[in-house]
Amino acid sequence: MQDLLDSQIKPAKTINDHNGQPQDRRKAMQKRTFTRWMNVFLQRRDPPLKVCDLFTDIRDGRMLMALLEELSGCKLLYRFRSSSHRIFILNNISKALAFLDDRHVKLLGIDASGIADGIPSVILNLVWNIILHFQVKEVMGGLRRHLSSSLSSLSLSTYPSTSDLSPQTGDSDSYTCNTLPRKGKKAAKEPKYHSKAIKTLLHWVQRCTSKYGVDVDDFGASWRSGLAFLALIKSINPELVDLRESWSKEPTENIQHAFMVAHQCLDVPPLLEPEDCTSPDEQSIITYVSMFLGCHSVIDEVREV
């Protein structure tokens, strides 16, 4: 009888996200990447703090307030109240969310209850929007203005024309990122990303990698071979990478080498695992790639703004 019942049970259907990969795998990748990203900043505190389980450690609001202090330079923890009572926990989280709302960080679908309950989708969405605002948007905003004002003085044979970065009609702060010099002159594609900061980050990556013959169209499949990571490193310090050897190597070997060199020579923390790049999660790739903005050559560009 049990065998008959077992035979009638259909296997659970795997739910895929919009990129075609299982949601559980994507969430696990984001959880690991976002946790490592948070710990980069939390370890700067005195004494250092560390998130071990993102979905648990963030629930009382303390880690969230500490992270926002490091990112913004503002004091928040003095408003934290340690308590096991839900009303005080919700109050702690609400203070952090109000701080983010004042800085126009997107909080759609994010509330104190979801965070206090440890709902993975709510917490991942929260941390992603914090990364997008403090890690990507603030720096890329300055870099976008720098690029748009400086490209007119650069060689047209090496870089795109200023029209490639000019505001689109009807949008004074929107830029295209699909008309870069490419090997073989591929047809231009419609921009995939709606965020101006992400489009500018992609544009910067394309400028860095295209001169070495490495095409980057997105923050997904373009990173599977590892060549994009290596070309990005080479654009920052040409002595660190020999791309001629990398073209014939396996993707995993290229990725491992890129992560090691980035960590040891550029002080870019290893937020990803090599296997993450076999089926990349775009938010995780963006989080890692944005860490290269801290390298000296890019910081020098941004400081000129």
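The values are calculated or read from the model by the stated rules, or taken from the named source; none is laboratory data. Note that the coordinates shown come from a computational prediction; the quantities given were computed from them, not determined experimentally. Heads up, the Cβs are rebuilt from the backbone with ideal geometry, glycines too, and the neighbour counts pull from every protein chain shown. In case anyone asks, the SASA skips ligands and DNA or RNA and just uses the protein heavy atoms, side chains included. Shrake-Rupley method; radii C 1.70, N 1.55, O 1.52, S 1.80 Å.
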Most packed first (mean Cβ within 10 Å per residue), the peptides 284-290, 34-40 order as 284-290, 34-40
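Leaving out ligands and nucleic acids, and using a 1.4 Å probe, what accessible area per residue does the stretch 228-300 come to in Å²? Spell out each step's value before the answer.
On the way: 3090 Å² over 73 residues.
With all protein chains present, the stretch 228-300 gives 42 Å² per residue.
Of 50/75; 106/196; 75/199; 31/95; 31/106; 196/234, which pairs sit farther than 21 Å apart, going by alpha carbon to alpha carbon?
On the way: 50/75 19 Å; 106/196 14 Å; 75/199 32 Å; 31/95 23 Å; 31/106 19 Å; 196/234 25 Å.
As for pairs spanning more than 21 Å Cα to Cα, those are 75/199; 31/95; 196/234.
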